[in-house]
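Working notes for the structure below.
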Amino acid sequence: MNIVKKIEEGKSSIDELENLLEEKSPIVLYHAMTHIGKESIHTEEIIKKLSGLSLKREPQDKLLGHYKVGDLAIATMIKLGEKESEISGFKILDDFEKKMVFRLFEEVEW
């Protein structure tokens, strides 16, 4: 079964979703993170991996449009109830980048 389809159909276990957060493919990362946010899957391992992903802000980390993998990781953590002030990737953003994260948060179909 296609990984994205499996995620969308809710057939991925929490362990599989945790492992998918290590994928290089932005498409897989996007679907894994949005599913985690949509289903409110909050584990210590997921938060740890999202925190690491929140720092991915380089050109090669492009997700969609202007958004980076790090932006979606931060938005997902906020959706899961993490405080912005405690998200390492959020602390390093300038005001414009923070607004972009909140715009992405609103655009995602959680």
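The values are calculated or read from the model by the stated rules, or taken from the named source; none is laboratory data. All values reported here derive from a predicted model rather than from experimental measurement. What goes into the accessible areas is simple: the full protein's heavy atoms, side chains included, and nothing from ligands, DNA or RNA. Shrake-Rupley method; radii C 1.70, N 1.55, O 1.52, S 1.80 Å.
Summarise the accessible area of the range 34-74 (1.4 Å probe, protein heavy atoms) by the percent that is carbon and sulfur. Present the calculation step by step, with values, prior to reporting the outcome.
Details: 1020 of 2070 Å².
C and S fraction of accessible area: 49 percent.
Between the helical axis of 69-79 and the longest alpha-carbon principal axis of the chain there is an angle of about 80 degrees.
Compute the length gained on full extension between K48 and E106: take 0.36 nm times their separation in residues and subtract their Cα-Cα distance, giving the result in nm to one decimal.
Values: separation 58, 0.36 × 58 = 20.88 nm, distance 2.31 nm.
Between K48 and E106, full extension yields 18.6 nm more.
Taking the longest Cα principal axis of the chain as reference, the axis of helix 95-107 is set at about 30 degrees. Computed over protein heavy atoms with a 1.4 Å probe, the accessible surface of the chain works out to 58 Å² per residue. In the assembled protein chains, F90 presents an accessible area of approximately 20 Å² (probe radius 1.4 Å). Our estimate of slack between E39 and N19, defined as 0.36 nm per intervening residue step minus the Cα-Cα distance, is 5.5 nm. For the options M100, M77, M33, a Gaussian network treatment of the chain with springs between C-alpha atoms closer than 10 Å singles out M100 as fluctuating the most. Identify which of the listed values of Rg and Dmax of the Cα atoms in Å was calculated from the structure shown: (i) 45.9, 152; (ii) 14.9, 52; (iii) 12.7, 41. Computing Rg and Dmax of the Cα atoms in Å and matching it to (i) 45.9, 152; (ii) 14.9, 52; (iii) 12.7, 41 gives (iii).
Across the chain, Cα pairs under 8 Å and at least six residues apart give a relative contact order of 25 percent. Using 0.36 nm per residue and subtracting the Cα-Cα separation, the extra length available between N2 and K98 on full extension is 31.2 nm. The range 17-33 and the range 70-110 have their alpha-carbon centroids 17 Å apart.
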